[in-house]
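Data first, discussion second: the structure below is written as structure tokens.
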Amino acid sequence: MTQIRCWSGAPEPMGSTHTHDGIEINVVRGGDLAYLIRGRYVVVPAGSVAVIWSAVAHRLVRADPQCTVRWATVPLSELHHWRGHAAIMRRLLRDTVVTVRQDDVDAMLTSRWESFDAGPEDAVRLEVQAAVLRWLWSAGPMEDDAAQAPAGGPAHAAAVAEYVAHHLREPLSVQELAQAVGLAPGYVMTVFKAVTGVTIGAYVRQCRTSLAHDLLLTTDLTVVQVAHTAGFGSASRFYAAFSATYGMAPAEFRRRHQSLYPTE
């Protein structure tokens with residue numbers, strides 16, 4: 001059975017944020033839906049496709065009553081086998097979510113995805129891979145300098161991102177990540193930056209800050225509890241990272257914005 005999962009249904013707002021490794025595809029029909037992702041309220045209109053870097057905390061906050069969605073998820077262990085995977089990772093690490101309009105070809109192809117869950121594995125992979133690459137390219141040219149990365153770099157970078165997704169709320173070190181993927185610490189830092197365009201430290205902070213942002217808006221945890229739940233080693237590190245990203249202290253951010261996303 002392929003690692004790609006495809007299903008469809010009526011979306012329902014989520015009570016909290018969630019993360020999972022890899023990418024998530026939403027093919028939206030009939031009505032709009034909206035996500036809270038990295039501090040942005042992202043509307044995906046009916047007739048559009050959203051491709052999401054799902055290791056970043058995201059929460060479905062609104063869906064029109066008539067909205068239906070075809071979903072697909074692609075884990076990183078699958079993604080790194082794709083042609084163009086380095087370009088996909090770079091684009092989504094930068095933008096987190098890319099939204100494009102569907103066309104008639106999209107409607108025809110994605111209507112077949114669910115039947116592939118019981119079908120040939122290669123058919124699923126090629127069908128979804130071609131669609132994702134076409135959507136991302138239609139949103140703008142993608143830089144793919146994987147040729148400049150060390151051999152096996154994209155697979156190692158994907159393994160690092162996957163490990164981060166599963167251990168984000170725990171203490172993480174370069175040494176631990178290097179051990180998890182079987183590389184030397186200095187080499188794993190070089191490989192990750194060459195493939196993704198960001199350092200490991202910046203990527204971990206991005207994921208943790210995004211999770212903390214959503215915890216501030218969707219839970220009653222204190223700011224200190226949010227810092228520790230999101231994996232920051234100290235409140236001071238959390239304050240510095242959050243303020244640098246959102247331009248204000250966590251408590252001030254909560255006061256200004258929490259009423260937009262009630263916890264009940």
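For the chain, a Gaussian network of Cα nodes joined below 10 Å ranks Thr245, Thr68, Thr99 by mean-square fluctuation, and the top entry is Thr245. Using only alpha-carbon positions in the stretch 37-93, the gyration tensor eigenvalues give semi-axes of 24, 14, 10 Å once each is multiplied by 5 and square-rooted (largest first). Spin-label model, Asp95/Ser77: points 7 Å from Cα along the beta carbon direction are separated by 2.9 nm.
Which listed residue (Val98, Ala180, Leu211) has the Cα farthest towards the positive end of the charge dipole for the chain, taking +1 on Lys and Arg C-beta and -1 on Asp and Glu C-beta about the Cα centre? Farthest along the dipole direction, towards plus: Leu211. Full extension of the chain between Thr219 and Arg169 gives 16.4 nm of extra length, using 0.36 nm per residue less the Cα-Cα distance.
Work out, step by step, the length gained on full extension between Ala123 and Ser8: first 0.36 nm times the residue separation, then minus their alpha carbon distance; give nm to one decimal. Each step should come with its number before you reach the end.
Numbers: separation 115, 0.36 × 115 = 41.40 nm, distance 1.85 nm.
Value of the extension gain: 39.5 nm.
Residues in the stretch 177-219 average 33 Å² of solvent-accessible surface per residue, probe 1.4 Å, ligands and nucleic acids excluded. Here the chain has 54 percent of its accessible surface on carbon and sulfur atoms, given a 1.4 Å probe and all protein chains in place. What's the FRET efficiency of Ala249 with Arg62 using the Cβ-Cβ distance as r and R₀ = 25 Å, to the nearest 0.05? Given R0 = 25 Å and the Cβ-Cβ separation, E is 0.35.
Computed over the Cα atoms, what is the radius of gyration of the stretch 161-264 divided by 2.2 N^0.38 Å, N being its residue count? Let's see the in-between values first.
Details: Rg = 15.1 Å, N = 104, 2.2 N^0.38 = 12.8 Å.
After normalising by residue count via 2.2 N^0.38 Å, the value is 1.18.
Only alpha carbons enter this Debye calculation for the chain, each as an equal point scatterer, and the log10 of I(q)/I(0) it gives at q = 0.12, 0.14, 0.16 Å⁻¹ is -0.75, -1.01, -1.26.
Here's how it looks for Arg62: its modeled amide H is under 5 Å from those of Ala34, which are all 5 or more places away or on a different chain. Here the Karplus curve 6.51 cos²θ - 1.76 cosθ + 1.60, taken at θ = phi - 60°, turns the phi angles of the stretch 252-257 into couplings of 5, 4, 5, 4, 6, 10 Hz, with x standing for Gly and Pro.
Fully extended, how many nm does the chain gain between His20 and His257 (0.36 nm per residue separation, minus their Cα-Cα distance)?
Numbers: separation 237, 0.36 × 237 = 85.32 nm, distance 2.53 nm.
Between His20 and His257, full extension yields 82.8 nm more.
Under 8 Å for C-alpha pairs, at least 6 residues apart: give me the relative contact order for the stretch 168-236, rounded to a whole percent.
On the way: 51 pairs, mean separation 24.4, N = 69.
Computed value for the stretch 168-236: 35 percent relative contact order.
Springs between alpha-carbon pairs under 10 angstrom, Gaussian network model over the chain: which of Asp122, Asp32, Asp214 fluctuates most? Largest GNM mean-square fluctuation: Asp122.
The values are calculated or read from the model by the stated rules, or taken from the named source; none is laboratory data. Source: prediction; values computed, not measured. Virtual Cβ from ideal backbone geometry, glycine too; neighbours counted across all protein chains shown. Note: accessible area is taken over every heavy atom of the protein model, side chains too, but ligands, DNA and RNA are not part of it. Shrake-Rupley method; radii C 1.70, N 1.55, O 1.52, S 1.80 Å.
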